[in-house]
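Student: Take this structure, written in structure tokens, and hold onto it; I'll ask about it next.
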Amino acid sequence: MMDVAAPPRSAGESADPQTAPRPADPCAFVIFGAAGDLTKRLLVPALYNLAAARLLPKEFAVIGVARGEMSDDAFRARMGEALREFATSAPSDEVVRDLTGRFSYVRGDFDDPNTYRVLGDKLSAAERSRGTNGNCLFYLATPPSVFTLVAERLAEARLLRQEDERWRRLVIEKPFGTDLASARELDRRLLGLLAENQIYRIDHYLGKETVQNIMVLRFANGLFEPLWSRDHIDHVQITVAETLSVENRGKFYDQTGALRDMVPNHLFQLLALTAMEPPAHFEADAVRTEKAKAVKAIRPLTPDDVCANVVRAQYRAGTIADRRAAAYREERGVDPRSMTESYVAIRLDIDNWRWAGVPFYLRTGKALAGRRTEIAIKFKTAPFALFRNTPVEHLAQNLLVLRIQPDEGASLQFNAKTPGPEIYTGGVRMDFKYADYFDAAPNTGYETLIYDCMIGDATLFQRADNIESGWRVVQPILDAWREGRDCADLTWYAAGSEGPQEAEDLLARDGRAWRKIE
Ligand code: BG6
């Protein structure tokens with residue numbers, strides 16, 4: 001990971017040579033699923049941004065692997081077009097030419113050993129002609145159903161063997177399993193083929209500057225940490241709200257649902273970074289150990305807890321930003337009688353000394369009133385009303401809001417005296433916006449992640465135990481839903497609304513309320 005103490009910058013910005021990251025190690029970057037959406041929308045634009053920022057090594061080659069027939073030249077042309085469509089800023093012809101000139105293509109089925117023989121030959125050729133030192137990053141931009149197949153075939157072709165200083169790494173996209181058992185099985189099989197430190201499990205939330213900033217805010221300031229505990233915090237709200245519906249992913253989403261899609265991964269990343277203890281060092285294992293400990297300390301949910309503390313809901317037709325939005329069940333690829341949740345809200349308790357008694361409320365959903373990802377830390381109110389004219393219940397809440405996206409930044413809300421002869425108080429807000437301070441070039445969010453894989457820094461990647469502890473929390477919810485307990489029934493919300501009434505009730509029961517999404 002790039003030095004957190006350095007002035008924040010994006011991969012596209014010129015930086016102080018003292019703190020500027022070095023170009024990554026020589027390597028070949030192999031993309032399985034080279035014809036897919038992820039490759040053209042995110043991976044290749046991210047490689048472009050790294051190239052433009054001179055963070056790619058000079059000794060670099062990209063090999064795309066997919067089923068369709070295509071020549072090297074056709075692949076280069078297609079990726080050039082993808083850049084014209086999806087680059088995050090107007091691409092320079094020179095950088096595009098140099099980058100795509102390093103691309104080549106292997107046509108092959110993922111289960112055919114011959115695909116891997118041809119790939120092995122291409123890798124040897126890249127080593128000779130480009131000087132990649134035999135280092136290689138295999139990126140699985142494929143459906144999860146072929147993760148183990150590709151890894152097994154790579155191992156059989158001896159392409160995962162590290163020797164003579166050469167490294168081989170495997171990058172895996174989410175979803176990592178569909179429940180605790182399948183995630184464990186996937187790990188068991190992968191760890192039979194590679195060492196843990198060769199596996200890079202991506203959660204793209206960790207590529208977001210604002211997510212990385214949670215650690216900086218907490219551990220690079222003397223101000224917040226002393227207040228960061230049950231002594232001063234009343235509760236925490238983590239929201240990932242989207243206005244988007246399932247779009248063209250109906251088939252995948254209908255088998256997945258909001259809980260699996262977002263909670264054990266993205267929302268638990270946010271929770272872990274908020275709740276973790278300071279690591280002893282800023283090193284991959286120290287950071288990941290503290291994050292895993294925070295998630296492991298979440299109190300396991302009993303079936304009764306699932307009834308009381310989890311709300312699942314699906315959207316009906318409604319209006320999002322003046323646009324008529326269809327019901328979830330009318331979306332393409334979705335079963336018209338689907339019972340899949342597009343929204344989930346959960347109250348969790350963390351049983352450790354720092355957080356005992358401080359509920360963490362999580363919610364995420366599609367087709368909601370606004371797009372908003374944030375962590376809101378609500379501090380305890382002042383213990384009594386010193387000012388006659390403002391009873392304690394009328395004091396504004398002390399609230400620290402970390403805005404992950406959009407409008408990236410943070411704000412702190414507190415009370416101030418309203419002007420006039422008598423003492424009345426009113427809520428005011430100090431606001432920090434990234435855009436006001438840092439001139440960061442737009443990026444895909446994958447730049448840091450790809451760069452970190454290339455330099456072997458796993459801080460921003462999930463270790464097997466991080467993934468497992470996330471699924472362990474979620475598993476009782478999946479079980480209770482599968483058993484069809486009445487009290488855990490699916491409920492409804494209108495597209496474009498704040499979510500279901502039951503989610504409001506979840507907090508109202510504790511005398512609290514969600515922040516507005518819109
Ligand atoms: C993905 C989910 O992992 O994250 C999507 O599969 C979701 O359903 C997306 O829309 C949200 O990512 P972001 O970066 O837009 O918050």
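Student: Condition first: surrounded by 22 or more Cβ atoms within 10 Å (Cβ to Cβ) and out of contact with any Lys or Arg (no Cβ under 9 Å at 6 or more places or on another chain). Now tell me which residues in the range 272-290 satisfy that.
Tutor: Passing the criteria: only V287.
Student: Looking at this structure, is I238 away from the ligand (no atom under 16 Å from the Cβ), open to solvent by less than 30 Å² (accessible area, probe 1.4 Å) and either of a type in the set (A, V, I, L, M, F, W, C) or in contact (Cβ under 8 Å) with a residue 24 or more places away in the chain (or both)?
Tutor: no
Student: So which residues in the range 118-145 are surrounded by fewer than 15 Cβ atoms within 10 Å (Cβ to Cβ) and charged (D, E, K, R)?
Tutor: Those that are surrounded by fewer than 15 Cβ atoms within 10 Å (Cβ to Cβ) and charged (D, E, K, R): D121, R128.
Student: A further question on this structure: Within the range 93-103, does at least one residue satisfy the condition of being open to solvent by less than 50 Å² (accessible area, probe 1.4 Å), at pLDDT below 95 and polar (S, T, N, Q)?
Tutor: The answer is no; no qualifying residue exists.
Student: Need a quick list: strands (runs of 3 or more DSSP E) entirely within the range 281-383 having at least 3 residues that are away from the ligand (no atom under 16 Å from the Cβ).
Tutor: Qualifying strands (runs of 3 or more DSSP E): 310-316, 343-348, 372-379.
Student: A further question follows. Do we find that L47 is open to solvent by 10 Å² or more (accessible area, probe 1.4 Å) and under 16 Å from Y446 (Cα atoms) in this structure?
Tutor: Criteria not met by L47.
Student: For a quick check of your reading: which helices (runs of 4 or more DSSP H) sit entirely within the range 57-146 and have at least 2 residues that are closer than 19 Å to D25 by Cα?
Tutor: 93-100, 113-130
Student: Still on this structure, please answer the following. Does D431 qualify as being modelled with pLDDT of 90 or more, assigned to a helix (DSSP H, G or I) and open to solvent by 30 Å² or more (accessible area, probe 1.4 Å)?
Tutor: no
Student: Out of the range 154-184, which residues are buried (at least 21 other Cβ atoms within 10 Å of the Cβ) and in a helix (DSSP H, G or I)?
Tutor: Passing the criteria: L154, L180, A183.
Student: If you don't mind, there's one more thing I want to ask. Select, from Y315, Y328, the only residue that is open to solvent by less than 70 Å² (accessible area, probe 1.4 Å) and either out of contact with any Asp or Glu (no Cβ under 9 Å at 6 or more places or on another chain) or within 18 Å of G470 (Cα to Cα) (or both).
Tutor: The match here is Y315.
Student: Let me ask something additional. For K417, only one of the following conditions fails: (1) in a strand (DSSP E or B); (2) of a type in the set (D, E, K, R); (3) within 22 Å of E173 (Cα to Cα). What is its number?
Tutor: (3)
Student: Looking at E173 and the list (1) out of contact with any Ser or Thr (no Cβ under 9 Å at 6 or more places or on another chain); (2) closer than 27 Å to L478 by Cβ, which single condition is not satisfied?
Tutor: All conditions pass for E173, except number (1).
Student: Could you check how many residues of the range 466-480 are in contact with a Lys or Arg (Cβ under 7 Å, 6 or more places away or on another chain) and open to solvent by 20 Å² or more (accessible area, probe 1.4 Å)?
Tutor: 1
Student: Ok, one more. Which condition from (1) part of a helix (DSSP H, G or I); (2) open to solvent by 40 Å² or more (accessible area, probe 1.4 Å) is the one that A35 breaks?
Tutor: (1)
Student: Please identify the pairs in which a residue from the range 168-186 that is over 21 Å from F138 (Cα atoms) has its Cβ atom under 9 Å from the Cβ atom of a residue that is within 13 Å of the ligand (Cβ to nearest atom) and open to solvent by 40 Å² or more (accessible area, probe 1.4 Å), counting only partners at least 6 apart or on another chain.
Tutor: As it stands, the answer is T178/P144; T178/Q255; T178/R260; D179/R260, since those pairs meet every condition given.
Student: Looking only at the range 456-481, which residues are aromatic (F, W, Y) and within 18 Å of V211 (Cα to Cα)?
Tutor: Of everything in the range 456-481, just one residue is aromatic (F, W, Y) and within 18 Å of V211 (Cα to Cα), namely F461.
Student: Just the residues that are in contact with a Lys or Arg (Cβ under 8 Å, 6 or more places away or on another chain), open to solvent by 40 Å² or more (accessible area, probe 1.4 Å) and within 11 Å of the ligand (Cβ to nearest atom), please, taken from the range 244-258.
Tutor: The answer is L244, and nothing else.
Student: Exactly one condition in (1) more than 30 Å from E209 (Cα to Cα); (2) surrounded by 17 or more Cβ atoms within 10 Å (Cβ to Cβ) is not met by W492; state its number.
Tutor: Condition not satisfied by W492: (2).
Student: Would you be able to tell me the number of residues in the range 349-379 that are in contact with a His (Cβ under 6 Å, 6 or more places away or on another chain) and among the charged types (D, E, K, R)?
Tutor: Of the residues in the range 349-379, 1 are in contact with a His (Cβ under 6 Å, 6 or more places away or on another chain) and among the charged types (D, E, K, R).
Student: If you take the residues of the range 185-210 that are among the charged types (D, E, K, R) and part of a helix (DSSP H, G or I), which of them is surrounded by the fewest Cβ atoms within 10 Å (Cβ to Cβ)?
Tutor: R188
Student: Quick one: how many residues across the range 452-465 are in a helix (DSSP H, G or I) and either open to solvent by 10 Å² or more (accessible area, probe 1.4 Å) or basic (K, R) (or both)?
Tutor: Number of matching residues: 3.
The values are calculated or read from the model by the stated rules, or taken from the named source; none is laboratory data. Please read all numbers here as calculations on a predicted model, not as lab measurements. All Cβ positions, glycine included, derive from the backbone under ideal geometry; neighbour counts span all protein chains shown. Side chains included, ligands, DNA and RNA excluded: accessible areas come from the protein's heavy atoms. Shrake-Rupley method; radii C 1.70, N 1.55, O 1.52, S 1.80 Å.
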